[in-house]
Amino acid sequence: THKLAFHLFFHLNQRQNMKIHRYALTTLAFTALFTAIFFQNHLAAQVAAPSPLKRELGMRLSGFNDFDFIYKKELAPEKYRRYRLGFADLEFSTLGQFQSYGFSAGVAIGSERRRGLTEDLKFIHGAEWLINFGISGQESSVDLTLGSGLGVVLGFQYEVSEKFSASLEAVPSLLATYRATDGAAPDYFEIGARFDVNAVALSLVYKFVK
């Protein structure tokens, strides 16, 4: 009886030790697996961590009374999102009792790609969505103009230094325009293309990283 009891105890203890050993090995294996996965993800995150994105901020001039503030944000190498806020046709004149005025503003949002031609010179191209607003008037009438359309960005950019670049560009566009007036002339709506070689714009921007 004592031998049988000892044998059963030894057998049960051996089975229990095997279960504990198996549990310990399983726990150790899962710990090693999760540790490996953690370090792999950590190293991958360090390797794939995005580098700081480039930004550009400056002014865009087209004539003496037409200027834009322009901001560009890098999306990928040689690919940018661009924003423009522009003011044009700032005018006020008076002749005796006769007065006239004019003001227009516009917003453009688009994308821009660049292709290197030389070490410092790049060809730029892209597209913009344009929205503009204008108001003009004389003594007896006021005209209100609203427009929207698509433009194609074409130009060249030169890297002046690490912090500054200059560019020349034109934006041929297709615009839909509505004009309302309180004068004798009727309101009208029109769709037309616009490409003026004299409207080539000069931009000077400051480059920084954020």
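Structure notes:
- Remark: pairs (first residue in segment 73-98, over 17 Å from Tyr206 (Cα atoms); second residue outside any strand (DSSP E or B) and at pLDDT 75 or above; Cβ separation under 9 Å; 6+ apart in sequence or on different chains) = Leu75/Leu53; Gly86/Ser62; Ala88/Ser62; Phe98/Gln138.
- Residues of segment 189-210 satisfying the condition of being more than 23 Å from the chain's Cα centre (by Cα) and outside any strand (DSSP E or B): Phe195, Asp196, Val197, Asn198, Ala199
- Against the criterion of being farther than 20 Å from Val209 by Cβ, surrounded by fewer than 15 Cβ atoms within 10 Å (Cβ to Cβ), in contact (Cβ under 8 Å) with a residue 24 or more places away in the chain and of a type outside the set (S, T, N, Q), Ala176 qualifies.
- The residue that is most open to solvent (accessible area, probe 1.4 Å), counting only those in segment 73-94 that are more than 23 Å from Leu144 (Cα to Cα) and over 11 Å from the mean Cα position of the chain (by Cα), is Pro77.
- Screening Pro186 against (1) in a strand (DSSP E or B); (2) free of Cβ contacts under 8 Å to residues at least 40 places away in the same chain leaves a single unmet condition, (1).
- Residue within segment 89-106 that is under 26 Å from Val160 (Cα atoms) and modelled with pLDDT under 85 present: no
- Some residue of segment 159-172 being within 23 Å of Leu75 (Cβ to Cβ), surrounded by 15 or more Cβ atoms within 10 Å (Cβ to Cβ) and charged (D, E, K, R): yes
This table checks each residue for (1) part of a strand (DSSP E or B); (2) farther than 26 Å from Arg194 by Cα; (3) open to solvent by less than 40 Å² (accessible area, probe 1.4 Å).
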residue: Gln99; (1), (2), (3): yes, yes, no
residue: Ala105; (1), (2), (3): yes, no, yes
residue: Thr118; (1), (2), (3): no, yes, no
residue: Leu144; (1), (2), (3): yes, no, no
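- Number of positions in segment 120-138 that are closer than 16 Å to Arg179 by Cα, part of a strand (DSSP E or B) and of a type outside the set (Gly, Ala, Ser): 4
- Residue in segment 190-206 that is in contact with a helix residue (DSSP H, G or I) (Cβ under 7 Å, 6 or more places away or on another chain), surrounded by 14 or more Cβ atoms within 10 Å (Cβ to Cβ) and among the hydrophobic types (A, V, I, L, M, F, W, C) present: no
The values are calculated or read from the model by the stated rules, or taken from the named source; none is laboratory data. Here the structure is a predicted model, which is why all the values come from computation and not from measurement. Note that we place each Cβ from the backbone using ideal geometry, even for glycine, and neighbour counts take in every protein chain shown. Protein only, heavy atoms only, side chains kept; ligands, DNA and RNA dropped before computing areas. Shrake-Rupley method; radii C 1.70, N 1.55, O 1.52, S 1.80 Å.
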